[in-house]
1. Not counting ligands, DNA or RNA, and with a 1.4 Å probe, what is Lys41's accessible surface area in Å² rounded to the nearest 10?
2. Can you tell me which of Arg12, Arg33, Arg44 moves the most in a GNM of the chain? Springs connect C-alpha atoms under 10 Å apart.
3. Counting only heavy atoms of protein chains, what accessible area per residue, in Å², does the chain have with a probe of 1.4 Å?
4. Under a cut-off of 17 Å between alpha-carbon atoms, report the lysines in cross-link reach of Lys22, not counting same-chain residues fewer than 8 places apart.
5. What is the stretch 29-114 by shape, rounded, prolate or oblate, if you read a ≥ b ≥ c off the alpha carbon gyration tensor as root eigenvalues and call it rounded for a/c under 1.5, prolate for a/b larger than b/c, and oblate otherwise?
6. Here is the link list: Lys15/Lys41; Lys26/Lys46; Lys46/Lys85. Which ones come out longer than 32 Å on Cα distance?
7. Quick check: residue separation of Lys70 and Leu34 times 0.36 nm, minus the Cα distance between them. What number comes out in nm?
8. Tell me what the chain gives for mean residue ellipticity at 222 nm when only DSSP H runs of n ≥ 4 count, each as -39,500 (n - 2.57), the sum divided by the residue total, rounded to 500 deg cm²/dmol.
Amino acid sequence: MADEERKDVQTRFKKGHSGNPKGRPKGRKNNTRLLSDAFFKNVRIKDAQGLRSVPKIVAAAEVCLNNALKGDLRSFEKAMEIADKFGLLKPGSIHQEITHITRTIVDPRDPDKT
């Protein structure tokens, strides 16, 4: 009896059939991809140089840094955390001096529709 295979073991997996036929459909985005799309969607911002299109995460970082320069301590702390995380505070990492401060206004409308 030990040498014989059970009938259900012989017919369990059929060739050419997926193990999960009702699994995730092709092309569906996972949560990481959806969040990434939200962070990197372009928005138009207006500053001293005029209108420009940048990812939302860049616009948020600029607004945070501008608030920090105005004296907002929470924004300053967050800006320093981001700079430290990306190694921007290491000696020799700053290539230029700050010559002017600009004000950034974020336009939430989609830049591709206008």
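The values are calculated or read from the model by the stated rules, or taken from the named source; none is laboratory data. All values reported here derive from a predicted model rather than from experimental measurement. Cβ placement follows ideal geometry from the backbone for every residue including glycine, while neighbour counts extend to all protein chains displayed. These accessible areas exclude ligands, DNA and RNA; they are computed on the full protein's heavy atoms, side chains included. Shrake-Rupley method; radii C 1.70, N 1.55, O 1.52, S 1.80 Å.
1. The accessible area comes out at roughly 100 Å².
2. Most flexible of the set in this elastic network: Arg12.
3. Numbers: 10620 Å² over 114 residues.
In whole numbers, the chain has 93 Å² accessible per residue.
4. Reachable lysines: Lys14.
5. oblate
6. Result: Lys15/Lys41; Lys26/Lys46 exceed 32 Å.
7. 9.6 nm
8. On the way: 4 runs with 41 residues, N = 114.
Helix-only estimate at 222 nm: -10500 deg cm²/dmol.
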